[in-house]
């Protein structure tokens, strides 16, 4: 159409990655992180994550209290 310009074809969406047969219909959620491979709930992992969240809140709350005064 324009002299001296190369034609670049439009790009098409990439194909979606194939799912493994064991994962058909399963959508991982936040709670699936706290399960062991056999499907049991891992309370040690839940406890460790809760401790990390508490430490984060304890570190950030003084900073945020400067902006959000009660």
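The values are calculated or read from the model by the stated rules, or taken from the named source; none is laboratory data. As the structure is a prediction and not an experimental result, all values here were calculated from the model. Cβ sites come from the backbone with ideal geometry, for glycine too, and all protein chains shown count toward neighbours.
Kindly evaluate residue 54 against the criterion of being surrounded by 10 or more Cβ atoms within 10 Å (Cβ to Cβ), modelled with pLDDT of 90 or more and within 18 Å of the chain's Cα centre (by Cα). Answer is no for this residue.
Checking the stated criteria, residue 61 turns out to be surrounded by 10 or more Cβ atoms within 10 Å (Cβ to Cβ) and modelled with pLDDT of 75 or more.
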